[in-house]
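What follows is one structure encoded as structure tokens, with my remarks underneath.
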Amino acid sequence: MNHISSASPLTARRSTALKGCVRVPGDKSISHRALILSALAVGESRVTGLLEGEDVINTAKAMRAMGSRVERTGEGAWSVHGVGVGGFREPEAAFDFGNSGTGCRLVMGAVAGCPIVAAFDGDASLRSRPMKRVLDPLERMGAKVKIIADGGRLPLTLQGARDPIPIVYEPPAASAQLKSAVLLAALSAPGETIVLEKEATRDHTEKMLVHYGAQLSVTPHGAHGRRVALKGQPELSAASVRVPSDPSSAAFPMAAALIVPGSDIVLEGVMTNPLRTGLFTTLREMGASIEMLDVRNEGGEEVADIRVRASQLRGVEVPPERAPSMIDEYPILAVIASFASGTTRMRGLHELRVKESDRLAATADMLRVNGADVSIEGDDLIVNGKGAVAGGGMVKTHMDHRLAMSALVMGLGAQKGVAVDDASFIATSFPDFTGLMRRMGAELA
Ligand code: S3P
């Protein structure tokens, strides 16, 4: 699905206590991987709880274009007939990944391991993001970049390797996308590919590869890292995947409940994989009332119902080594920090500069235009919370879904509300955000 909707401004007004029990959509990272691994497996895989946002739908289209049968059988329910490792056929047209760095980079990895040529493109946001970092290891594995825009960006054409080479790879950044692209290419390579991560990043690709039958081992590497070793050329077998709710989407209603006085909500079935829940740890340190109810295992991931109550929060220091486990949550944490008392220093945020927007600069602008006290020092974001936010600003969202949702949540607690220039990109990851928030009592119009 290309992003066809035109800019749609939206305003959040100061709201009264939020209440209710809601379920946020399926995890975006797992949804992309479920489609790609199902397309590479032999037989029919069934996926339930799939996030049906624009980003994931674009990955489904790419899998179809390479010969896999991908069908929607019900709400969030999808059937995927895979072609087997190395079995992708050459797509006729260029892929359009819209706004999605994850879809684009993971599929580059999958293409790199097959003897086909594929062209990759996306929207203006995706065209501005670095691709060389993912192409470098894929070229080492034998893929060739045929055409590429200036600065190593989209649009580009990639020729996959006829005889992929296994490598030992140390990602230059803490990035699950880089790791995953290499592991997907490595599926077609003979022998063992090893990824040495200095900082552990989300491990969904590793867990899901094992679920589909690959031989993969994960061992500690250094103080915070992991060594991932994958044996190439497995036969992946079709599997069932139940996608849990996305903790990165849950962060928005959670934040709203914390800052709107009197709120008391429950978020159902949220994934609590420790490589994704740095925000929960941070919020607890700030004094947030967050209770995990009915912690259980669903489809290989730990999930819980999470009760969140409005809380008096204090500023904290967030260490840089926590960044990979909450990399998408800094804009909303900055919003929460502006309602807390005291200083929150978020350290080591260089990777935020290469997200759907330059999230470091855009987050600071979002707070500033609403009267909050914020600064950037090197790679650190510093928010001096005053217990309340004036609001009244118009936030530029730069085609970035998480900025739009963060700004709107800010408006639910701010004295004069907050407006955003364009809420349409929220559809990439959380299509019913407005409806779900309204059902809890949020004033969005
Ligand atoms: C993702 C990894 C992260 C994250 C993105 C999803 C993934 O990106 O920001 O939203 O599913 O692998 P990086 O790997 O670039 O940090």
Looking only at lysines whose Cα falls under 17 Å of Lys355's and that sit 8 or more positions away or on another chain, we get Lys28, Lys132, Lys179, Lys396
So the angle from the long Cα axis of helix 101-112 to the longest Cα principal axis of the chain, reported in degrees to the nearest 10, equals 10
Per the C-alpha gyration tensor (a ≥ b ≥ c, the square roots of its eigenvalues), the range 28-230 is rounded if a/c is under 1.5, else prolate if a/b beats b/c, else oblate; here it's rounded
Magnitude of the Cβ-charge dipole (Lys and Arg +1, Asp and Glu -1) of the range 28-230 about the Cα centre, nearest 20 debye, reported as 220
Residue separation between Arg89 and Ala17 times 0.36 nm, minus their alpha-carbon distance, gives in nm 20.6 nm
For the chain, longest principal axis from Cα atoms; helix 28-40 axis from its Cα atoms; angle between them, nearest 10 degrees, is 10
Checked the range 293-445 against the a/c 1.5 cut and the a/b vs b/c comparison, axes a ≥ b ≥ c from its Cα gyration tensor; verdict rounded
Here, Arg438 and Asp358, labelled 7 Å along Cα→Cβ, have an inter-label distance in nm of 3.6
Each label sits 7 Å from Cα toward the beta-carbon; between Lys416 and Glu192 the label points are separated, in nm, by 6.2
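Taking the Cβ of Val303 as the centre, find all other residues whose Cβ is under 12 Å away and add up their charges (Lys, Arg: +1; Asp, Glu: -1). Walk me through the numbers before you get to the answer.
Numbers: positive: Arg23, Arg242, Arg276, Arg296; negative: Asp27, Asp246, Glu268, Asp294, Glu298, Glu301, Glu302, Asp305.
Net charge in that neighbourhood comes out at -4.
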With only helices counted (DSSP H, runs n ≥ 4, each -39500 (n - 2.57)), the per-residue ellipticity at 222 nm for the chain, to the nearest 500, works out to -8500 deg cm²/dmol
Here, GluC sites (Glu not before Pro) of the range 202-283 satisfying both criteria (DSSP loop; at most 11 other Cβ within 10 Å) are Glu235
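Here, each number is a calculation from the coordinates, and none is a lab measurement. Given the structure is predicted, the values throughout are model-derived calculations rather than measurements. Glycine gets a Cβ as well: all are built from the backbone with ideal geometry, and neighbour counts include every protein chain shown.
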